[in-house]
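Encoded as structure tokens, the structure appears first; notes follow it.
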Amino acid sequence: MQAGNIQEKEELIEMLSIHFQNSHNLSPLGAKIWAVLIMDRNEDGLTFEYLVERLGASKSTISTNLNELLQKEIIYFETREGDRKKYFKAAPFSQRFTRILKNMAFEKQLVEKMIDYKSKNASQCAMEQCAMENLKAFKTHLIEMERLTQKIIADLQIIEKKNILKLKAKPNYYEQ
């Protein structure tokens, strides 16, 4: 890889890391591991040893952050028969949207409970009526976002499955 490409890749890893820290409440190292798994990916995945060397962090720190990412289902690992190593990979994009969908569903439940509570206990003042209308509009928008996110997930899963089939058909797909 040329020097300019390496620098561009490292800048993208830093940008992704900052984004993941902010949007997923991850530690700086956890976010960077995720970014490296996306940007340095290969067909087999990346080993623990590779991540320790690549990121220059201690084994225990890498391990702690990998466990957090695994627990949040942001990454996963595969093993090979006869090989004790774990090969880490970033979860597919469709899975990322699935997490977003779960958060939306939970938020919709909260909004429904708020609407129910406020409808039982609301005063007739204009401010309370406006607040109730805002909640109802928000719920309507959450339902639409859920519908669109479900479509996105289905579309991404189709694309991901097609790409997996391409990989299986071309043994060294990542090297091309």
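None of the figures in this text is laboratory data; all of them are computed from the coordinates on show. Note that the structure is a prediction, hence the values are computed from the model and not measured. Using ideal geometry, Cβ is built from the backbone for each residue, glycine included, and neighbour counts are taken over all protein chains shown.
Kirkwood Rh and Cα-based Rg: tell me the resulting Rg over Rh for the stretch 93-175, rounded to two decimals. With Rg and the Kirkwood Rh in hand, the quotient comes to 1.31. Each Lys and Arg Cβ is given +1 and each Asp and Glu Cβ -1; about its Cα centre, the stretch 3-90 then shows a dipole of about 260 debye.
Using Cβ point charges alone (K and R +1, D and E -1), the dipole size of the chain about the Cα centre works out to roughly 520 debye. Per-residue 3J(HN,Hα) values for the stretch 23-39, derived from phi via the Karplus relation 6.51 cos²θ - 1.76 cosθ + 1.60 with θ = phi - 60°, read 8, 10, 6, 9, 5, x, 6, x, 5, 5, 4, 4, 4, 5, 4, 6, 7 Hz in sequence order (x marks Gly and Pro).
Measuring against 27 Å, Cα to Cα, the residue pairs K85/K170; K89/K162; K59/K166; K32/K72 contain K59/K166 as the ones spanning a longer distance. D by Stokes-Einstein for the chain, Kirkwood Rh over Cα pairs, 10 °C, 1.306 mPa s: 82 µm²/s. Within straight-line reach of K139, meaning a Cα separation under 15 Å, sit the following aspartates and glutamates at least 8 residues removed in sequence or on another chain: E107, E112, D116.
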